[in-house]
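Scroll down for the structure; my scribbles are underneath it.
The values are calculated or read from the model by the stated rules, or taken from the named source; none is laboratory data. Note that the structure is a prediction, hence the values are computed from the model and not measured. Positions of Cβ are generated from backbone atoms using ideal geometry, with glycine treated the same way; all protein chains shown enter the neighbour counts. SASA here: full protein model, heavy atoms, side chains in, ligands and nucleic acids out. Shrake-Rupley method; radii C 1.70, N 1.55, O 1.52, S 1.80 Å.
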Amino acid sequence: MKQLAIIAIGILWISGLSAAYSQTPRTGTEPGNLPAEKPETAAKIAEKTKTPGDAVIVWNANAGVAATKACIAPLDDPFHEARMYAMMHIAIHDALNAIDGRFRPYTFDKKAAATASPDAAVAAAAHHILVPLIGQLPRELPFITQACIDAANASAEAAYTAALAAISDSPAKTEGIAVGQAAAAAILAKRAADSSNGGPFLNTNCPQDTQPGKYRCTNKFVAFEKWADVTPFVLEDNTQFRPGPPYSVTDKMFADDYKEVKSLGGDGLNTPSSRTDDQTAIGLFWWESSPLKWSRIARTIAGKTDNNLWQNARLFALLDMTLADGYIAMSASKNYYNFWRPVTAIQNGEVGGNPDASGDPNWKTFRPTPANQDYPSGHSIEGGAGGEVLRRFFGTDQISFQDCGVMFPAGTSCGDPSPVLRSFTSISQAENENAYSRIYIGFHFRKAVEEGTKYGRKIGERAVTQYLLPQ
């Protein structure tokens, strides 16, 4: 592979569980109070800043555009988003390996004509996953409208038409389309009863347990509790690698974490914050959909290497299966521990029985708190998972790159002519910054982010060492 150089990443997307699953979003444009990017704007920027590369890389970018137009990205539903990316890349991987078996398939274990067009196979596999999965998105979620579905389908169809138009008509093209369709059908059949559409995903029966340390709703519902029931891609089950419990609310370590997030995670307007300018930038920089963020990082890194189509197909299948399982594991573990969010703990203060945890009933987070429990941090699981896959795949942690932030002030954000970039010299640096951003933004205690990162790394290790191995 070529030496991995400084890589500038230029697409956006914001939030894990977004303001749609949180307290009422704040408005205004002063620092610490920036409005969220509109989905249609995000889609335009995504299209404008696609990373060039082979067919696998291009279809990863196409999927991001489709997810944005479907209104599940950049803000609202990384759960179905991650599953869609994983299934698309499994179909791509299996189609290519049916043509030339270099890596073990995940589902579709058939032989295709060696003369089949790989690019046609990739396009057909991707298209025949995206369109049906977009159509299956749950209408229970209020942000998924028919207009969103229509726009997403139009995006996928346009990308497919363009991809096929670039391939000369021939028996090889026809064979490639056929194997791509077959690989897509295989993973669709395998996942048809995986509980991903078995909502309801918004539980309006919000728990208001007044016992110290127990979760209390931060909105009118709890989001995606039932995602714990979805069948994993690489994990044995949703309990594998689950970390131990959070600190007791009477523990000194809890008091330390409490004081840290209380000091750093306030909104800086109604609630004083000792966050530095750089910590504020970190909080905003990482506030986006993890499947989009880590797929984008992988896309741009892979685009600077000598990876062939088969290697990239394996990379993205491993990455996105791992990210998908991160959300399944997260939901199950959050449900299991049911630990309160910082905003609840701080607003209730000494009610927790810890004299070192003085409260502030008016304390507000830097950004609206997601509508689920604190422990472990899903964003940190995703960062650990994505980082571990990239480290193991490329055989090094020392990969330098730069990235932009969509939540930076106008004129400096992703899509602007001169965006402000953050620089990283290693995967672990980005992975850790991703985790600690959730303290700076007021969402999590330190214990939740540190355990979450370790949790994700274990999922990533399992994926790379046990799936899609060389033939």
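Things worth noting here:
- Test for T305: is it touching a residue at least 40 places away in the same chain (Cβ under 8 Å) and either in a helix (DSSP H, G or I) or touching a Gly at 6+ places or on another chain (Cβ under 6 Å) (or both): no
- Checked against the criteria, A410 counts as open to solvent by 40 Å² or more (accessible area, probe 1.4 Å), over 27 Å from K304 (Cα atoms) and of a type in the set (A, V, I, L, M).
- Within the range 429-449, restricting attention to residues that are in contact with a Pro (Cβ under 9 Å, 6 or more places away or on another chain) and part of a helix (DSSP H, G or I), the residue that is nearest to G383 (Cα to Cα) is V449.
- Checked against the criterion of being in a helix (DSSP H, G or I), open to solvent by less than 10 Å² (accessible area, probe 1.4 Å) and free of Cβ contacts under 8 Å to residues at least 60 places away in the same chain, the range 372-383 contains not a single residue that satisfies it.
- Matching residues in the range 271-330 - criterion: being under 15 Å from F394 (Cα atoms) and in contact with a strand residue (DSSP E or B) (Cβ under 6 Å, 6 or more places away or on another chain): T300, R314
- Selected residue (criterion: surrounded by the fewest Cβ atoms within 10 Å (Cβ to Cβ)) from residues of the range 167-193 that are in a loop (DSSP other than H, G, I, E, B) and in contact (Cβ under 8 Å) with a residue 40 or more places away in the chain: S170
- Counting only residues that are crowded, with 18+ Cβ neighbours inside 10 Å, among the hydroxyl-bearing types (S, T, Y) and closer than 30 Å to N97 by Cα, the range 413-471 holds 1 of them.
- Verdict on Y85 being of a type outside the set (A, V, I, L, M), open to solvent by 20 Å² or more (accessible area, probe 1.4 Å), modelled with pLDDT of 95 or more and within 20 Å of S295 (Cβ to Cβ): no
- Residues of the range 91-134 that are closer than 20 Å to P470 by Cβ, among the polar types (S, T, N, Q) and not in a helix (DSSP H, G or I): T107 alone.
- Qualifying residues in the range 297-323 (those that are hydroxyl-bearing (S, T, Y) and under 26 Å from I99 (Cβ atoms)) - the one modelled with the lowest pLDDT: T305
- Answer residue from the range 135-156, given it is part of a helix (DSSP H, G or I), within 25 Å of A123 (Cβ to Cβ) and polar (S, T, N, Q) and is least open to solvent (accessible area, probe 1.4 Å) among those: S155
- Filtered residue count, the range 384-407, keeping only those that are out of contact with any strand residue (DSSP E or B) (no Cβ under 9 Å at 6 or more places or on another chain) and either open to solvent by 30 Å² or more (accessible area, probe 1.4 Å) or modelled with pLDDT of 95 or more (or both): 15
- Candidates D403, D356, filtered to the one that is over 18 Å from R446 (Cα atoms) and in contact (Cβ under 8 Å) with a residue 12 or more places away in the chain: D403
- Where G326 falls short, out of the listed (1) open to solvent by less than 10 Å² (accessible area, probe 1.4 Å); (2) modelled with pLDDT under 95; (3) among the small types (G, A, S): (2)
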